[in-house]
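Values in this text are rule-based calculations from the coordinates and carry no lab data. Note that this is a predicted model, so its numbers are computed, not measured. Counting neighbours? That spans all protein chains shown, and the Cβs are built from the backbone with ideal geometry, glycine included.
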Amino acid sequence: MLGQILSETHGIEGAAKIISGLGLLDVETFLTEEKTLEQVSGLYHPLDKQVRGYEMHMGRTEGADCARPLLELGHGPDGAISPDGRAWDAIFTVCLLMMSFARLI
């Protein structure tokens, strides 16, 4: 939702549609039919700290701001950070990592 568009063309979350995002990140998100849930750990780049939790994926995000990933997980970079660092997002379910983030602060 923070990117340019959210494409849900498979009708997974209701009618198939492509909607405009808030435009805070230069990315586009595409939901797919395959959903994965796995335990992950990795580096949270803004604080340069290790985090762990559950990652829920149901698509992919592409675009220029992905060159600044929010996380570095076992499978590679994940998410995006705006050039000014004020907006960030990832396609995983953030609340599942909140316990790790709470310990960072």
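Label points 7 Å out from Cα along the Cβ direction at residue 38 and residue 54: separation in nm?
1.6 nm
Considering the values (1) 5.9; (2) 6.4; (3) 7.5, which represents mean projected area of the Cα convex hull in nm² as calculated for the structure under consideration?
Step by step, mean projected area of the Cα convex hull in nm² for this structure corresponds to label (2).
Could you pull out the chymotrypsin sites (Phe, Trp or Tyr not before Pro) across region 2-84 that fall in loop regions by DSSP (anything but H, G, I, E, B) with no more than 15 other Cβ atoms inside 10 Å?
none
With contacts defined as alpha carbon pairs under 8 Å and 6 or more residues apart, what's the relative contact order of the chain in percent?
23 percent
For region 1-97, which trypsin sites (Lys or Arg not before Pro) pass both filters: DSSP loop (anything but H, G, I, E, B) and at most 12 other C-beta atoms within 10 Å? Spell out each step's value before the answer.
Values: sites: 17, 35, 49, 52, 60, 86; in loops: 86.
Passing both the DSSP loop test and the Cβ count: 86.
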